[in-house]
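Structure first, then comments.
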């Protein structure tokens, strides 16, 4: 199944490569701008109130702003992006405006992402492996919302868990196959940090940091739209099997 999913995802992305890559880049830029605005608001608040950086008040402020950013912006944007790549895989001539669909369906979008985070966290308290298994089990819930506009967030999680029975390893393997491509860049960047801790301002450390960073960024621009399309394709193939 995974080989066929990757093949179909590559074909779909090749037919819509321009909009596929540009949508990913816009999502990254918008998310980064949102994060920078969050940091700006935080610094203004700290300076105006004259707060100590390590005080409890600043910790509470950081916590509140992070969750405002997560709930009001990042969660619905992430769901919209997943729906975009699902349409791309389905060859529906995806439109950039799909990114805003998560905001239009805000209650269900944020609800499903919130419950996924909470359930993953609770299961991870029992050790890392159970948390990973449940994370895989609930991974299809955002896509399910797209196909079933009549169901709520909890029903989407239940359906995702049912669909993923016997398929969690396949989904994990699909994503691990993509992760392999990033390993050289991660090794270079990590080695650069290691050298920097040993030899401050050493030229070789900057070489590994720069080229490792460039490798990761360039590969992300090329590969992430493909990864998102393949993940959406995994859901589509899984949903078709589940209906049959």
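Being within 19 Å of the chain's Cα centre (by Cα) and surrounded by fewer than 14 Cβ atoms within 10 Å (Cβ to Cβ) narrows it down to one of 67, 85, so name that one.
67
Evaluate region 225-243: report whether one residue or more is surrounded by fewer than 16 Cβ atoms within 10 Å (Cβ to Cβ), modelled with pLDDT of 90 or more and under 26 Å from residue 89 (Cβ atoms).
The answer is yes, given that some residue of region 225-243 is surrounded by fewer than 16 Cβ atoms within 10 Å (Cβ to Cβ), modelled with pLDDT of 90 or more and under 26 Å from residue 89 (Cβ atoms).
I'd like the full set of residues that are modelled with pLDDT of 90 or more, loosely packed, with under 13 Cβ neighbours inside 10 Å and either in contact with a helix residue (DSSP H, G or I) (Cβ under 7 Å, 6 or more places away or on another chain) or on the phi < 0 side of the Ramachandran plot (or both), limited to region 163-219.
Result: 165, 169, 173, 176, 179, 180, 183, 217, 218.
Please go through (1) over 18 Å from the mean Cα position of the chain (by Cα); (2) in a loop (DSSP other than H, G, I, E, B); (3) modelled with pLDDT of 90 or more for residue 154 and return the number of the only condition it doesn't satisfy.
Here residue 154 clears every test but (2).
For region 129-137, indicate whether the set of residues that are modelled with pLDDT under 90, surrounded by 20 or more Cβ atoms within 10 Å (Cβ to Cβ) and over 25 Å from residue 27 (Cα atoms) is non-empty.
Yes, some residue in region 129-137 is modelled with pLDDT under 90, surrounded by 20 or more Cβ atoms within 10 Å (Cβ to Cβ) and over 25 Å from residue 27 (Cα atoms).
Residue 196 - would you say it is free of Cβ contacts under 8 Å to residues at least 60 places away in the same chain and within 30 Å of residue 215 (Cβ to Cβ)?
yes
Here's a check for you: in region 101-117, which residue that is exposed (fewer than 15 other Cβ atoms within 10 Å of the Cβ) and within 16 Å of the chain's Cα centre (by Cα) is modelled with the highest pLDDT?
114
The values are calculated or read from the model by the stated rules, or taken from the named source; none is laboratory data. Everything quoted here is computed from the prediction, not taken from an experiment. Every residue, glycine as well, gets a Cβ built from its backbone with ideal geometry; the counts of neighbours run over all protein chains shown.
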